[in-house]
Each structure stands twice: as structure tokens, then as C-alpha cells.
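Student: The following block contains the structure, expressed as C-alpha cells.
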Amino acid sequence: MTTSESPAHRHRTRLSAAHGPAGTVCVLALAAALTGCGSDSGGDTGAPAPAAPSRSAEPSLASPTPTKPASSPSPTAVKRMKPMKPSTPAELRACADGSCTIVVTKGTEIPRADGLRAGPFTVSAVGAEGVDLSSVDASGFTSNLLGQRPDQGGPSTVNELSIAVLAIVGDTAKLRLFPAE
């Protein structure tokens, strides 16, 4: 051993005497863990130490035996939202008072909320980019709500009606309509 060897290198060298494939794996794992240890003496260049085993480690003369990896719990599955069933015509008609929660797809017609001076609305797109809604009132005034998303920071408002996108799943979207405050 020379005086230029680091304490981590000396430790790896002592541990390299472990025998067999399991010992080698343990030594490599410990060597990798110890590589990042040290003091901030100002002489460190910031380059990571090599993760290769010490040159003094001798290969095992025994033939490696394939080992079955230890069983580990399966990773937690990413929760996916269940497909949503579009609202029925009766559920859509219930939105005429301006207060409902519905599931829509492209082409869905949402009735006019007369008391809130908004609508009727047509859903012109539903997808990863958001929900697009358009409305042409009796006077010919057109309202377009484009790219409406659950994470946009709040509902959109047309006259006295607020529309919030609660969720988008595939080609369906869950909307909440309610009187604007």
C-alpha cells in the first residue's frame, strides 16, 4: 500500500478478499457506495471515482453459478382513471338551469342556460390538448372556449355561467357547469 491511496481504496482492497459471486457483488456494491465518500479538502476535482473493482481483486476460480434474483414487490401500478360514460340526453337537459356535472365527447350539445344568458354550447374537440367548446347565441354572437383543461387555474366564464373541466380521459371530459360568482 502506498501513501497516495485513499482510505476508500484501502477499504475496497481489504474487502476484495471476499470469495464467490455473492461476495464480489457485495464488494462492488460497497465500493460504489464508498466512492462518493470523502472530505472536502479542496483538492477534489469533482470527477467521480471509477466504479470498477480494485485492480488487486482476483477473479474467482469457481465458475459463476447463475442466481435467481431476489423477488421484490411489484412496482406500484400507475393509477389510471376509468373510462367515463358520456352523459345521457336527460342528464344534458338538466344543465338548462346552469348547474350540473356532465361527461361529454366531441359533438355533445349542452343546452342554453337561459337564466345565466349562456349557451347552447357544442363540444368541438376533446383530447390531450383540452376541451374546445363553442356557442352561437340567438343574436349571432360566438363564444369559443379553446383548450380548456383541469389544471388551467380555474373555470372559464361566459356571461353568468362558469364551466370547469374536472377531468379528461381519452376522448371524454367531465365538466361542471355552475353560476358564476
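The values are calculated or read from the model by the stated rules, or taken from the named source; none is laboratory data. Nothing here was measured: the structure is a model prediction, and the numbers come from that model. Every residue, glycine as well, gets a Cβ built from its backbone with ideal geometry; the counts of neighbours run over all protein chains shown. Note: areas computed on protein heavy atoms with side chains; ligands, DNA, RNA excluded. Shrake-Rupley method; radii C 1.70, N 1.55, O 1.52, S 1.80 Å.
Student: Could you check, for region 142-159, whether at least one of its residues is at pLDDT below 95, in contact with a Leu (Cβ under 7 Å, 6 or more places away or on another chain) and open to solvent by 30 Å² or more (accessible area, probe 1.4 Å)?
Tutor: Yes, region 142-159 contains a residue that is at pLDDT below 95, in contact with a Leu (Cβ under 7 Å, 6 or more places away or on another chain) and open to solvent by 30 Å² or more (accessible area, probe 1.4 Å).
Student: Could you please give the count of residues in region 73-91 that are of a type in the set (Val, Ile, Thr) and at pLDDT 60 or above?
Tutor: 1
Student: Could you please find all residues in region 106-141 being within 35 Å of the chain's Cα centre (by Cα) and open to solvent by 70 Å² or more (accessible area, probe 1.4 Å)?
Tutor: Selection gives Lys106, Glu109, Ala128, Glu129.
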